[in-house]
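**Student:** Please find one structure pasted underneath; my questions will follow.
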C-alpha cells in the first residue's frame, strides 16, 4: 500500500478534532488560492475541494496529510480534464474532504455574504502566504536589454473584488514593508493581480521559505532568491529600476566604466568594468 493510500485509510477512521492553528493557516492560504468550501443539496456542513494538475500530486498529498482527520479513502484521486480550446486531455488530481462542522467557521467567513469574499478579519502568516503563493502565485526573472535586472512576484486575485484585493495588498505591505500593488481590471471585468518587484519579493520569499509546502515551484524560487544581478540597485533611491546607459571611455577605445541610470529618480553614476 502506498504512503498516501495508507494515510487516507488512516484518516477514514480517525476521530476528527477542531481545526488546529496549523490547519487554519493552511486553509486560509487555500481559500486565497485554489481551495473551495461548499455545501450542496441537503447537506448541513461544508467540505473542502481542490483541483490541481497531476504534476502537483506531492502537494496534494501534503494537503491530505494536513487534513487527515477529515478525509476518506476516496478523498484523493487522479482524474482527467478535456480542454476543447486545444483539444487536449490533461491529467488532474482532485482532493475532496468529508463534510464536517469544523469547516463551518471558515465557510461563514468566506461565503457568509452569499458569494466568495475576502473576510476583513483575515490575518496572514508565513504559512498562509506560502500556500497562497503555491496555489496562485508566480515568480519570474525580469530582463532589460538582455540582462537580468531582478525578479517579479505576482498573485492571481481575479476571483476577488477590487476592495478585497486592496485589503490583501494592505496586509502584504504591512508584513513586508511595502512594495505590493494592485494591477489589472482587464477589459473592465474587475479582474486584478497583485504584483511586486525584487526587494519586497525577496523579503516575502525568505519569510516563507522555511514552511513552503512540497512543490516543484519552490526549487526555482530558491534559486531566484540568490539571483546574480548584473545591474546594482540605485544608490540614490534604492530601487531596482536601473538600466545601462553606455560606457565611459578612457584614452582610445578602452572602456573604463559602465554608465548606469535609474528610470525612477533619473540618478546617473558609473561603475568600473
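**Student:** With N set to the number of residues, divide the alpha-carbon radius of gyration of the range 52-173 by 2.2 N^0.38 Å and report two decimals.
**Tutor:** The range 52-173 yields a ratio of 1.31.
**Student:** Quick one: order 243, 180, 212 by neighbouring beta-carbon count within 10 Å, fewest to most.
**Tutor:** Starting with the residue having the fewest Cβ neighbours, the order is 243, 212, 180.
**Student:** Within 10 Å of each residue's Cβ, count the other Cβ atoms and sort 32, 172, 122 from fewest upward.
**Tutor:** The most exposed by this proxy come first: 122, 172, 32.
**Student:** Say each of residue 116 and residue 158 gets a label point 7 Å from the Cα, pointing the same way as Cα to Cβ; how far apart are those two points in nm?
**Tutor:** With each label point 7 Å from Cα toward Cβ, the separation is 1.2 nm.
**Student:** Given the Cα-Cα distance of residue 138 and residue 256 and 0.36 nm per residue of separation, how much length would full extension add, in nm?
**Tutor:** Gain on extension, residue 138 to residue 256, equals 38.6 nm.
**Student:** Still on this structure, I have one more. Need the full-extension length gain, residue 53 to residue 20, defined as separation in residues times 0.36 nm minus the C-alpha distance. One decimal, nm.
**Tutor:** Additional length available on full extension: 9.1 nm.
**Student:** For the pair residue 247/residue 167, report the inter-label distance in nm, with labels modelled 7 Å from Cα in the Cβ direction.
**Tutor:** Distance between the two pseudo-spin positions: 5.6 nm.
**Student:** Can you put 97, 113 in order, fewest other beta carbons within 10 Å first?
**Tutor:** Sorted ascending by nearby Cβ count, the order is 113, 97.
**Student:** Modelling each spin label as a point 7 Å along the Cα-to-Cβ direction, I'd like the residue 263/residue 79 distance in nm, to one decimal.
**Tutor:** Rounded to a tenth, the inter-label distance reads 4.2 nm.
Where a number appears in this text, it was derived from the coordinates with a stated rule and is not lab data. Because the structure is predicted, anything quoted here is derived from the model rather than measured. With ideal geometry, Cβ positions are generated from the backbone for all residues, glycine too; neighbour counts draw on all protein chains shown.
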